[in-house]
Amino acid sequence: MITPLYILNALIVLGIVVSAVLTVTAKRTLTSVICLAACGAFVSLEFIMLQAPDVAIAEAAVGVVLTTIIFVVALRKTGGKGEDEK
């Protein structure tokens, strides 16, 4: 029997896969960084579903917030132009 938890788990895993594919295939660098942050958010949700709140908090802090800030600052400092954006 399919329960709502299985459906929610499947949607979270689907979100991880879709955001990871969008991260790799995005044309603009900033779009790729935003998709990477979304992927980290979905992974954090999956850790919550797996009853690992300490790992979820660490993933949310590092994978979503800190990494995104570092990438955005680096893009602003370097001009943020990718190969297709020049």
> Each residue of region 53-65 in order: what ³J(HN,Hα) in whole Hz does its phi give by Karplus 6.51 cos²θ - 1.76 cosθ + 1.60, θ = phi - 60°, with x for Gly and Pro?
Replying inline: x, 5, 5, 5, 5, 5, 5, 5, 6, 8, x, 9, 7
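Above 22 Å lies some portion of the pair distances; for the chain, what is it as a whole percent of all C-alpha pairs?
On the way: 1263 of 3655 pairs.
Above the 22 Å cut-off, the chain has 35 percent of its Cα pairs.
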>> Just to verify a number: FRET efficiency for residue 74 and residue 1, C-beta to C-beta distance, R0 = 41 Å, to 0.05?
In response: 0.25
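Computed from the coordinates by the stated procedures, all read-outs in this text should not be read as laboratory data. These numbers come from a predicted model, not from an experiment. No Cβ is skipped: glycine too gets one built from the backbone with ideal geometry, and neighbour counts run over all protein chains shown.
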